[in-house]
Amino acid sequence: MSIDAHTAESARPKKARKPWRRTKVVLGIIVAVAAVIAIIGSITPWPSAMIIRAVFTKGGDETAAEMDKYVPETKLDVQKDVAYGDDGADTTMDVFRPASATGALPTVVWIHGGAWISGAKENVDPYMRILAAEGYTTIAVNYTIGPEGVYPLAVHQLDAALAYIDEHADELGVDPQQIVLAGDSAGGQLASQMATLITSPAYAEIMDITPSLKPDQVVATVLNCGVYDLAALAQLDGIAGWGFKSAMWAYSGTKTWAEDSTGATMSTIDWVTADFPTTYISGGNGDGLTWLQSIPMAKRLGELGVDVTTQFWPAPHEPQLPHEYQFHLDLPDARTALQKTIEFLDAHTTR
């Protein structure tokens, strides 16, 4: 080939690779990965639960840090990681009380939230310190979250925790005749469940649990941003519906939680009686669960004649108060809720 011919040949434009082929490959990979995720997600709740847990854990850590600066300088006696069972860290509790206190104090037992699949007692550590500084023994309790533990394991563990608190009242500084059951979000549901278990023999029979405390030992409940009607929860759609349904699948171990005994027995709004303890109940106006769960629960308790103290906010209130607003103490409204909680505790306990 002559030089001119070679030059002409090399000067011809090369055939361009069609970009759509590369795009098809990328799209194919994305579709394949999505299909695999969808298949796995239809078989097990673990992937969704781990995603939700990661988000909630980050939020819980940030909220605890926000509360830290509101912890007063009151010197406290603190017992960390007190074992109440044999399941390692899952069955431990942290105990706080004023160092200057002598003798037993009214006691707030707090069950942490986290959609039943995340969270730990450390998330409420600052709040427990704040309440303890007001003259209370406060106890933050761990329990096995899902999917590692399946319902009703947590209920049995919490009953064991109450048994331990009752049996070791002296060394913990607990007045066993003045116990307040409290919780937030999923912990609010669990606190209401424990109170119902203790005050309703029919419910205790359905749960096949002999409660460790007597009704007269529980003087009040504090319920923040909780869930009390699982049938209503099952009707949610969108991202919130996906999140709650994924969490409940992980916690219950079954996709049919809404139709079986899990949903029925977790729905404490259907089981509470006139003997339910006097209750403080709250939720933020920007939290859908307030309108779907907390307000209906407050109404139900009121209909039964239970003494109910509420802290709700008008629908147009600004700023819109989110789920778990009571822990965001940078908000004046959260500080209002804290003060109202302290006033409620003071009104229903004696020291």
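Here the range 220-241 is the region considered, the condition is being open to solvent by 50 Å² or more (accessible area, probe 1.4 Å) and without any contact (Cβ under 8 Å) to a residue 12 or more places away in the chain, and the residue that is nearest to GLN189 (Cα to Cα) is GLN235.
In the range 67-77, the qualifying residues are those that are in contact (Cβ under 8 Å) with a residue 40 or more places away in the chain and within 12 Å of PRO98 (Cα to Cα), and the one that is least open to solvent (accessible area, probe 1.4 Å) is LEU76. If I filter the range 157-171 for residues that are in contact with a helix residue (DSSP H, G or I) (Cβ under 7 Å, 6 or more places away or on another chain), touching a residue at least 60 places away in the same chain (Cβ under 8 Å), part of a loop (DSSP other than H, G, I, E, B) and at negative phi, do I get at least one hit? No, that holds for no residue.
Would you call ALA195 surrounded by fewer than 24 Cβ atoms within 10 Å (Cβ to Cβ) and among the aliphatic types (A, V, I, L, M)? Give the derivation first.
Numbers: surrounded by fewer than 24 Cβ atoms within 10 Å (Cβ to Cβ): no; among the aliphatic types (A, V, I, L, M): yes.
Judged against the criteria, ALA195 is not a match.
Out of (1) under 20 Å from TYR325 (Cβ atoms); (2) surrounded by fewer than 24 Cβ atoms within 10 Å (Cβ to Cβ); (3) not hydroxyl-bearing (Ser, Thr, Tyr), the odd one out for HIS112 is which? Here HIS112 clears every test but (2). Among the conditions (1) without any contact (Cβ under 8 Å) to a residue 24 or more places away in the chain; (2) within 20 Å of the chain's Cα centre (by Cα), ASP86 misses just one, which is (2). Among the residues making up the range 334-351, a single one is over 19 Å from THR221 (Cβ atoms) and surrounded by 19 or more Cβ atoms within 10 Å (Cβ to Cβ): ALA334. A Cβ distance below 6 Å, combined with a sequence gap of six or more or placement on separate chains, defines the contacts here; from the range 114-138, residues that are more than 26 Å from ALA54 (Cβ to Cβ) reach residues that are assigned to a loop (DSSP other than H, G, I, E, B) and open to solvent by less than 20 Å² (accessible area, probe 1.4 Å) in the pairs THR137/GLY173. Within the range 177-194, residues that are closer than 13 Å to PRO215 by Cα and hydrophobic (A, V, I, L, M, F, W, C) reach no partner that is modelled with pLDDT under 95 and surrounded by fewer than 24 Cβ atoms within 10 Å (Cβ to Cβ) with beta carbons closer than 9 Å at six or more positions or on different chains. Within the range 299-323, how many residues turn out to be open to solvent by less than 30 Å² (accessible area, probe 1.4 Å) and touching a residue at least 40 places away in the same chain (Cβ under 8 Å)? Total satisfying the criteria: 0. Applying a threshold of 7 Å to beta carbon distances and a minimum spacing of six or more residues, or different chains, the list of pairs starting in the range 254-281 at a residue that is open to solvent by less than 40 Å² (accessible area, probe 1.4 Å) and ending at one that is among the basic types (Lys, Arg) reads ILE269/ARG300; VAL272/ARG300. Within the range 128-158, the set of residues being of a type outside the set (S, T, N, Q), under 17 Å from the mean Cα position of the chain (by Cα) and under 28 Å from LEU338 (Cα atoms) comprises MET128, ILE139, ALA140, VAL141, TYR143, ILE145, ALA154, VAL155, LEU158. Of the residues making up the range 206-214, none is under 19 Å from THR309 (Cα atoms) and not in a helix (DSSP H, G or I).
Residues being assigned to a helix (DSSP H, G or I), touching a Cys at 6+ places or on another chain (Cβ under 9 Å) and not hydrophobic (A, V, I, L, M, F, W, C) are represented in the range 188-205 by at least one member.
The values are calculated or read from the model by the stated rules, or taken from the named source; none is laboratory data. Predicted model only: the values in this text are computed from it and were never measured. Methodologically, a virtual Cβ is constructed for each residue, glycine included, from the backbone with ideal geometry; neighbour enumeration extends over all protein chains shown. Accessible surface is based on the protein model in full, side chains and every heavy atom, while ligands, DNA and RNA are left aside. Shrake-Rupley method; radii C 1.70, N 1.55, O 1.52, S 1.80 Å.
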